[in-house]
DNA sequence: GAAACCC
DNA sequence: GGGTTTCAACGCGGG
DNA sequence: CCCGCG
Ligand SMILES: [Mn+2]
Ligand SMILES: [Mn+2]
C-alpha cells in the first residue's frame, strides 16, 4: 500500500464520520453526526475563528456523543499535531497547563476529529494573558426564570451601560441563558474585571428588584437571573460565539442583534440553521472589533448614574 | 479519541 | 496484546 | 470550618 499523500494532511482525516454525536431529539433539529460537526465548523470558520485565534482554549469532548461520557480538556493532548499552537501557563502556586490555541480551519478540523463539541476560549489573549480584552457577562436564569428573563436582564444591562457611553454585544448561550460581551482595552487584570462586573450585577439587582441575584448557591437564587460575574476570573471561560453546545438539538451560542434577542427560543440556532443565517444576514458581532477597546472604568460611572425608569 | 499505563 | 485509565480543580461566597 | 458552585 502506498503511503498517504503528504498533500492530503493526515490531520484532516475524519474517522467515524457517521457517528451520531447528537442523537435525534423529539421536536428538535438533528440528529447530527461527526461529519455534520466538521461541516459546520468549516462553514462558520471565518466568524468562529475571530474569537478563538490567539486565545488559550478549553474543550469539552464527547467521543461517543452527547449522551456518552465526556471530559474537559485544558492541555494539548499527547499526539496532537505539531503545528498546533499552544500557551504554556505556569501560574504561581498552580499546576502548569499547556493550552491549545486554534487559529485556522485545519485546527477546527482537528477539533472535529477529537469530538470536541464545546469551545471555551479565554477572555484574554495569550500574548497579554493577564489583561482580558473583553468582559463577559454570563446571565444564568434559575427556573422558573428562563430565557425571556435573561433577555430582559440583558436589555437592562445594555441600557445601564449606555449611561457610560458603552456598547454591549449579546448572544444566546445555547442553553437557556444569555452572554453579554463588553470589549475593553486590555489594561486591567482579571480581578478588576470581576469586581466591575459584580458592581454591574449589584446595580442591576437594584434596578430590577427580585429579578436578579448574585448568589453563588443555587438554592438561594429563587427563580431569579444569576449574574455570574465570577466567570471573569483568570482561567474561567464562557463558550465562544458560534460554539456548538452538547445539548439536545445541537444548539449553538448565537450572536444576535439586540432587536433579535428573545425573538426566537435558543434552540432555533443550531448546526444547520446558523450557517444559513450567517450567509443571509451576516455576523451580528461584525462591528465588535471596531466598537472595542472601551474603558472598563466607564462601567463604574454608569452604575453611579441615576437609574432610569424601570424598563 | 488517543495515549499512557498496567498486567 | 489488550483491558483500563486519563483527560480541570480551585478560589471563593456564604452560612 | 465546610460545602457548593462553575
Ligand atoms: Mn451561562
Ligand atoms: Mn454560569
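Quick note: the coordinates plus some simple rules give every number you see, no bench work behind them. It should be emphasised that the depicted structure is a prediction, and the values quoted were computed from it without experimental measurement. Heads up, the Cβs are rebuilt from the backbone with ideal geometry, glycines too, and the neighbour counts pull from every protein chain shown.
What is the ratio of the Cα radius of gyration of segment A:184-311 to 2.2 N^0.38 Å, where N is its residue count, to two decimals?
After normalising by residue count via 2.2 N^0.38 Å, the value is 1.21.
Using only Cα atoms, what is the ratio of the radius of gyration of chain A to 2.2 N^0.38 Å?
1.01
Sorting check: for A:248-255, A:74-81, A:133-140, which peptide has the highest mean count of neighbouring beta carbons within 10 Å, and how do the rest follow?
A:248-255, A:133-140, A:74-81
Show me the ranking of peptides A:44-53, A:146-155 by mean Cβ neighbours inside 10 Å, starting with the highest.
Answer by packing, highest mean first, reads A:146-155, A:44-53.
Quick check: from the Cα gyration tensor, does segment A:66-149 come out rounded (a/c under 1.5), prolate or oblate?
Verdict is oblate for segment A:66-149.
With an 8 Å Cα cut-off and a minimum separation of 6 or more residues, compute the relative contact order for chain A in percent.
Averaging sequence separation for qualifying contacts and normalising by length gives 21 percent for chain A.
Using alpha carbon centroids, what distance separates segment A:117-148 and segment A:269-285, in Å?
Distance between centres, Cα-based: 21 Å.
Name the shape class, rounded, prolate or oblate, that the alpha-carbon gyration tensor gives for segment A:8-121, where a ≥ b ≥ c are the square roots of its eigenvalues, rounded holds for a/c under 1.5, and otherwise prolate holds if a/b is larger than b/c and oblate otherwise.
Here segment A:8-121 falls in the prolate category.
Rounded to the nearest 500, what is the 222 nm mean residue ellipticity of chain A from helices alone, with -39500 (n - 2.57) per DSSP H run of 4+ residues and division by all residues?
Calculated mean residue ellipticity at 222 nm is -8500 deg cm²/dmol.
Give me the percent relative contact order of segment A:8-121, please, defined on Cα pairs under 8 angstrom at least 6 residues apart.
33
Using 0.36 nm per residue, how much length does the chain from residue A:222 to residue A:26 gain when fully extended, once their Cα-Cα distance is taken away?
The residue A:222-residue A:26 span can extend by a further 67.6 nm.
Ranked from highest to lowest mean number of other Cβ atoms within 10 Å per residue, what is the order of the peptides A:97-110, A:217-230?
A:97-110, A:217-230
Hey, how many Å between the Cα centroid of segment A:73-96 and the Cα centroid of segment A:184-241?
Going from one Cα centre to the other spans 28 Å.
Taking 0.36 nm per intervening residue step and subtracting the Cα-Cα distance, what contour gain separates residue A:155 from residue A:258 on full extension?
Separation in residues times 0.36 nm, less the Cα-Cα distance, equals 36.3 nm.
Assign one of three labels to segment A:60-206, namely rounded, prolate or oblate, based on the Cα gyration tensor with a ≥ b ≥ c the square roots of its eigenvalues; rounded applies when a/c is under 1.5, prolate when it is not and a/b is larger than b/c, and oblate otherwise.
Judged from the Cα gyration tensor, segment A:60-206 comes out oblate (a/c at least 1.5, b/c at or above a/b).
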